[in-house]
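What follows is a short report on a single structure.
All of the numbers you see were taken from the coordinates with simple rules; none came from a lab. Owing to the predicted nature of the structure, the values given are computational and were not obtained by experimental measurement. Counting neighbours? That spans all protein chains shown, and the Cβs are built from the backbone with ideal geometry, glycine included.
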Amino acid sequence: MVLVDTSVWVDYLNNGQHPSALVLEELLKAYDVAICPPIYREVLQGIKNDKDFVRIKSILLNLHLVQHNPYEVAESAASLYREMRKKGLTIKSTADVVIAMYAIKSSAAILTLDSDFLIIAKNSPLEIYLW
């Protein structure tokens, strides 16, 4: 299973030319693509057109919906963030730590363009999906 981060979805939905958009296209055809609540929110909140909102919402809801107790995810993410801070590492977006924790708890690799996840992966069980 691959959890696809917002950065890849944005590029893909904007007909981006980054190789990750092509990877996502292939994954959607042949693989178990997952989404979690923070990514779902981030993708949907960036959509301006109501028609696109409905269409993209439908696409996202047909993926593997990663679900875990949000309080357990929040606590685990806070612990991971604190451990990284103790090592002198700072993650720019705390939402990325939450997304990483959804991936970790689901044993899913993450497909992303965001460098925060590389730092998290070096300091946790998070796996990066390499293409």
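Going residue by residue through segment 13-24, is there one that turns out to be of a type in the set (A, V, I, L, M), over 25 Å from I119 (Cα atoms) and outside any helix (DSSP H, G or I)? No.
Screening H64, H68 for residues that are of a type outside the set (K, R), within 13 Å of Y102 (Cβ to Cβ) and in contact with a helix residue (DSSP H, G or I) (Cβ under 8 Å, 6 or more places away or on another chain) leaves exactly one candidate, H68. If the condition is being among the hydroxyl-bearing types (S, T, Y), part of a helix (DSSP H, G or I) and within 17 Å of V43 (Cα to Cα), then segment 76-122 contributes T94, Y102. Could you tell me whether segment 4-18 includes any residue that is among the polar types (S, T, N, Q), surrounded by fewer than 21 Cβ atoms within 10 Å (Cβ to Cβ) and on the phi > 0 side of the Ramachandran plot? Looking through segment 4-18, at least one residue is among the polar types (S, T, N, Q), surrounded by fewer than 21 Cβ atoms within 10 Å (Cβ to Cβ) and on the phi > 0 side of the Ramachandran plot.
So, D32, is that one of a type outside the set (A, V, I, L, M) and over 21 Å from A108 (Cβ atoms) or not? For D32, the condition - of a type outside the set (A, V, I, L, M) and over 21 Å from A108 (Cβ atoms) - is not met. Summed over segment 82-94, the residues that are surrounded by fewer than 17 Cβ atoms within 10 Å (Cβ to Cβ) and either among the hydrophobic types (A, V, I, L, M, F, W, C) or touching a residue at least 40 places away in the same chain (Cβ under 8 Å) (or both) give a count of 2. Among the residues in segment 54-69, are any small (G, A, S) and in a helix (DSSP H, G or I)? Within segment 54-69, one or more residues are small (G, A, S) and in a helix (DSSP H, G or I). From the set of residues in segment 108-131 that are under 23 Å from Y71 (Cβ atoms) and more than 13 Å from the chain's Cα centre (by Cα), which is surrounded by the most Cβ atoms within 10 Å (Cβ to Cβ)? Within segment 108-131, the match that is surrounded by the most Cβ atoms within 10 Å (Cβ to Cβ) is S124.
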